[in-house]
Amino acid sequence: MQSPTSYSLEVNPRIPKRLARLEELANNLWYSWDRPTRALFAKLNPALWDAVGHTPKAMLKRIDEQRLIDAAADPAFLDSLTRVLAAFDAYHAEPPFKQNSGGFRPDDLVAYFCAEFGVHESLPMYSGGLGILAGDHCKAASDFQLPFIAVGLLYRQGYFTQTIDAEGRQRADYHDNDFDDLPIAPVHSADGADLKVEIEFPGRKVIAKVWQARVGHVTIYLLDTDLPENNERDRDIAHRLYGGDRITRLEQELVLGIGGARALAAIGHKPTVWHINEGHAAFLILERVRVMMQDGLSLDAAVEAVASNTVFTTHTPVPAGHDHFPEAAVLPYLKASFGEAQVAALGRPPPGGDFNMTALAIRGSRYQNGVSRIHGGVSAKLLHDYWPQVSPEENPVGYVTNGVHVATFLAPEWGEVLDRFLGVGWMHRLGHPGIWEKIRAIPDHIFWSVRQDIKARLFHMIRHRMAVQHARHHGSESHLERMLKYADPSNPNVLTVGFGRRFATYKRATLLFNDLDNLRRLLADRTRQILFLFAGKAHPADEPGQELIRTLVHLSRQEEFAGRILFLEGYDLHIARRMVSGVDVWLNNPVHPLEASGTSGMKAGMNGVVNLSILDGWWDEGYDGENGWGIKPASPEADPHRRDREEARTLYELLQDRVIPLYYDRTEGGYSPGWMRMAKRSMASLLPRYDASRMLGEYVSKYYIPASRQGHRFAQNGHEPAKALAAWKAKVRAAWSGVAATRSDTPKHRIRFGESLSVEVAVKLNGLAPGDVCVELLLSRGPHEGMPVRHSHELKEAGTLPSGEHQFRIDLKPGLSGRLDYRIRVFPRHDLLTHPFEMGLCAWV
């Protein structure tokens, strides 16, 4: 008998008039950090809410119409809706930041480009920390009412969904997103048609459709190539986040950078600051250069004009992490998009090699930063060759330590307590002094009770997800209960240690298992139990990372560790929010200094969780000796096995001697006063410092406002300043190899305090003018003479010598005594330079 054909039909309910604004709420990712809004949708149908992945728009399409009719007649639901809408309207009615910023001009606009955005699990366009940071950056910009837009790619599949099979292997499952279910909408052109842009590829044009997602006040524009106008391969360019071969990756980055810049132009946006978050979007530099050259600028002048208001943030502390492509593969695309290949030189790293996206980003920007103090220093050294004659300490690479969006990641259980003890509106006063005292004043029993409630909610989620995983493997009920023995929501008194992040080898998820005998000793005391909770994904192409997961899962299934070690599959933003707020201790043990920043520990700390981490990334700045435990990195000279062994030993010692005894040192109230003191200190010390608004404030003051001013300056009179600076730099580069400086006096080796030291230097300028250079004396006192001190003093021109050299001199009266050192150098100087050493040139006497 012939099988019948099956057809699918989705019947969408009609939303009652009284609930009409639910659609408005569903289409603004403000709900990603406003829990009352999410609770409102969940209340309509909790099971469906979970089934649609907490996506309000999808829920409104699938919910039974009678449930909406009932809700429209339910006074309690209508009251909740009214309160949510009042908060939504109040948020969107706040006055813009730019009106009282004291720095932005009325026409200023920041455009932020990133390959992924982790705003909420209902918009699965993220893989890990880079995307979550980008999402938090957008949320903070919305809170600030900053003139800010963002640009990314719209992936049909996004990142993969993770499951763990019966053998402990990671399975990567990809599912196509139905764009109608996502909180996005097409952008329309003036004639009402869907807005599309073209990108020239070798022998063809690729069409990208432009969508938008609303994140409070901020709009993220997303480009989609899955269109009938494109051939099958080109439709797949933006199909999968970080998927496909190297050519697909190259084409994704071309669409993001070139297509993204063209989309903004087509919409009518004219950014005055361009922020490239990691090198993936650096092709926007070439697109902007192309437009400038069409307006008559030379290549060099166009680069100066573009770079003057471009900010580049790097997140990668290892050379291999910077995207690069064979130049032979890139050249056809550059010829297609720009008509010439000479722009390829902008992506050529010193001293040579593949076309490098970081090289392009550095040459096309004048503001560069890492994402923590350590990472800024690591990046300055890693990128030293771009400023070869300047020390890493003085090259342009700075840093802004990451932050996290507090409203997104602070557990809702804290809301009422912090309102009560810190005052309503406390989130807007995080930077005010006295927050530590106010948090310390929260009674221990209340603080402990909140922490236990949050942990119980985490345990409920663990039990549900582990049960689903266990059923898929046809496991027995009795074994499931054994596995979940310590994850008991009715008795959440077990010390719970969490580890949740990408499973890359340098993050060392299995460092805890370096010495199993030591681990067994930790777990031997049945009166002081520990639950270790792990979650995270390895990239599908990262075999070593996947092996870490398999090793961990196998160990968790051994009889001696059953119930003490759990691996939670399917790590996403929902699980992350529960974990960082619900565990007692947050564990992080990367190889130093490879953790660029890390943000999960920040989220944990502001929830009263105590960090136990390697002193790397943000934790090296955040650790104060009283708000957690720091693991000092082993000697950098140690081989990897010895390093792991020493740092694992420190981890075991801290757990055995400090963490476990403190947690279980309980009074009659059932909690440890010492633990409460440290947990409060964690919250009070980290909440103000690692809020995303602090991070964004630093970007505004250190980069956005200076870049805006420099960009406006360079655009004056048809970009005349950009042309002048480009010509001056060409002159300096041509002459610099012949620039030299020598002492023209006899150095003195001893003077009395209060006397002057005359210093004279003869400088061969090789055709440059004296005003083209700065001659500088650097005076320093080393640590052997007390606190290190360094002062700079400029030498003034004192005429021309018979040799044709120019003499510079200074009468220096040191304000220090003791043994001093001084050095003298010459470097190019121009009042249009963004950074004094941006040319990377320097000559020493």
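Some points to look at:
- Remark: region 210-224, residue by residue, has Karplus-estimated 3J(HN,Hα) of 9, 10, 9, 10, 8, 10, x, 7, 9, 10, 9, 8, 10, 9, 10 Hz, where x stands for each Gly or Pro and the curve is 6.51 cos²θ - 1.76 cosθ + 1.60 at θ = phi - 60°.
- Bridge type composition, the chain - antiparallel percent by DSSP, nearest 5: 55
- Entry note, the chain: relative contact order of 11 percent, from Cα contacts under 8 Å with a spacing of 6+ residues.
- Within-14-Å neighbourhood charge of Asp178 [Cβ basis; K, R +1; D, E -1]: -2
- When the solvent-accessible area of region 552-641 is split by element, carbon and sulfur atoms take up 50 percent of it, the probe being 1.4 Å.
- Counting 0.36 nm for each residue step from Ala76 to His749 and taking away their Cα separation leaves a gain of 233.7 nm.
- Efficiency of FRET from Cβ geometry, His473 and Arg18, R₀ 41 Å, rounded to 0.05: 0.30
- Pairs beyond 26 Å (Cα-Cα), from Lys537/Lys603; Lys209/Lys507; Lys270/Lys381; Lys455/Lys603; Lys455/Lys485: Lys209/Lys507; Lys270/Lys381
- Rh (Kirkwood; distinct C-alpha pairs) - region 699-776, Å: 16.4
- Shown here: region 172-233, whose C-alpha atoms stretch 41, 41, 17 Å along the first, second and third principal axes, sorted largest to smallest.
- Local electrostatic count at Asp616 - Lys and Arg +1, Asp and Glu -1, tallied over other residues with Cβ under 14 Å: +2
- Applying the Kirkwood pairwise sum to the alpha-carbon positions of the chain produces a hydrodynamic radius of 29.6 angstrom.
- Note on Arg649 and Glu720: with the Förster distance fixed at 45 Å, the Cβ-Cβ geometry gives a FRET efficiency of about 0.10.
- Mean projected area (nm²) of the alpha-carbon convex hull when region 315-423 is viewed from all directions: 10.7
- For region 411-510, the per residue solvent-accessible surface stands at 48 Å², with DNA, RNA and ligands left out and a 1.4 Å probe.
- Additional length obtainable on full extension of the chain from Arg677 to Asp180, 0.36 nm per residue less Cα span: 174.0 nm
- By the compact-protein rule of thumb, 2.2 N^0.38 Å, the alpha-carbon radius of gyration of region 237-331 corresponds to a ratio of 1.14.
- Percent accessible area from carbon and sulfur atoms, region 708-845, protein chains only, probe 1.4 Å: 50
- R0 of 51 Å, Cβ-Cβ distance Asn231-Gln2: FRET efficiency to nearest 0.05: 0.90
- Here the Debye sum runs over all C-alpha atoms of region 199-291 as equal scatterers in vacuum, and log10 of I(q)/I(0) at q = 0.12, 0.16 Å⁻¹ comes out as -0.37, -0.67.
- Long-range amide H partners of Leu495 with built H, under 5 Å: Gln529, Leu531
- In the complete set of protein chains, residue-level accessible area for Lys680 is approximately 10 Å², probe 1.4 angstrom.
- Each Lys and Arg Cβ is given +1 and each Asp and Glu Cβ -1; about its Cα centre, region 31-174 then shows a dipole of about 140 debye.
The values are calculated or read from the model by the stated rules, or taken from the named source; none is laboratory data. Quick caveat: nothing in here was measured; it's all calculated off a predicted structure. Because the Cβ atoms are built from the backbone with ideal geometry, glycine has one as well, and the counts that use them run over all protein chains shown. Areas reflect the complete protein model, heavy atoms only, side chains present, ligands, DNA and RNA absent. Shrake-Rupley method; radii C 1.70, N 1.55, O 1.52, S 1.80 Å.
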